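These notes are about the structure you will find just below.
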Amino acid sequence: MSTTAAHTQHCLEELLGDMLHARRNGDMGRLALLAYCEVRRWARQAGETDLAERSADLITRHPHASKEQFLAQIDGLIDALGLAHTRALAQTPPWWAPPPHAHPGALHDATAR
C-alpha cells in the first residue's frame, strides 16, 4: 500500500469515527461541519466525487424540513462513508503480503527468519 493510500484510508477511518461520535451525541453542529468540510475534503482527495457532491448538497442545497430528516441524510452519508471504507479495504493487500517488487519467495524468506 502506498503512503498516500494509507494516509487516505487512515483519514477516512478518523472521519468515520468523528461522524459516528457526533451522531451518537446528537451534535448537529458538529455533524454539519464534518459533512460539509471534512467529508467533502476527504472525498475530493480520494477521488470520490459523488460523495463530495452529496456532502455539499446535504448542507447547501435546501433547508431540511426537520431534525429527523437531517439526521436521516447524515445516516445515509455515514453509510456511504462506510462503503467507501469497504472499497478501500478491498484494495489494500494484507499486512503480511510481500511488496509488489519482491521476488516470489520473499514471504517465505521473511517468515523463515
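Read-outs: derived from the displayed coordinates by stated rules, not from any lab. Values in this document were obtained by computation on a predicted structure and should not be read as measured data. Ideal geometry is used to build each Cβ from the backbone, glycine not excepted, and the neighbour counts take in all protein chains shown.
Look through Leu20, Leu12, Leu33, Leu16 and report the one residue that is within 19 Å of Asp57 (Cβ to Cβ) and either surrounded by 15 or more Cβ atoms within 10 Å (Cβ to Cβ) or in contact (Cβ under 8 Å) with a residue 24 or more places away in the chain (or both). Can you show your working first?
On the way: Leu20 fails: within 19 Å of Asp57 (Cβ to Cβ); Leu12 fails: within 19 Å of Asp57 (Cβ to Cβ); Leu16 fails: within 19 Å of Asp57 (Cβ to Cβ).
That would be Leu33, the only listed residue that is within 19 Å of Asp57 (Cβ to Cβ) and either surrounded by 15 or more Cβ atoms within 10 Å (Cβ to Cβ) or in contact (Cβ under 8 Å) with a residue 24 or more places away in the chain (or both).
Among the residues of this structure, Arg41 counts as one that is out of contact with any Ser or Thr (no Cβ under 7 Å at 6 or more places or on another chain) and within 17 Å of His10 (Cβ to Cβ).
Kindly indicate whether any position in segment 26-37 is farther than 15 Å from Ala84 by Cα and charged (D, E, K, R). Taking every residue of segment 26-37 in turn, at least one turns out to be farther than 15 Å from Ala84 by Cα and charged (D, E, K, R). Is it the case that segment 58-65 has a residue that's exposed (fewer than 10 other Cβ atoms within 10 Å of the Cβ), in a helix (DSSP H, G or I) and out of contact with any helix residue (DSSP H, G or I) (no Cβ under 8 Å at 6 or more places or on another chain)? Scanning segment 58-65 turns up no residue that is exposed (fewer than 10 other Cβ atoms within 10 Å of the Cβ), in a helix (DSSP H, G or I) and out of contact with any helix residue (DSSP H, G or I) (no Cβ under 8 Å at 6 or more places or on another chain).
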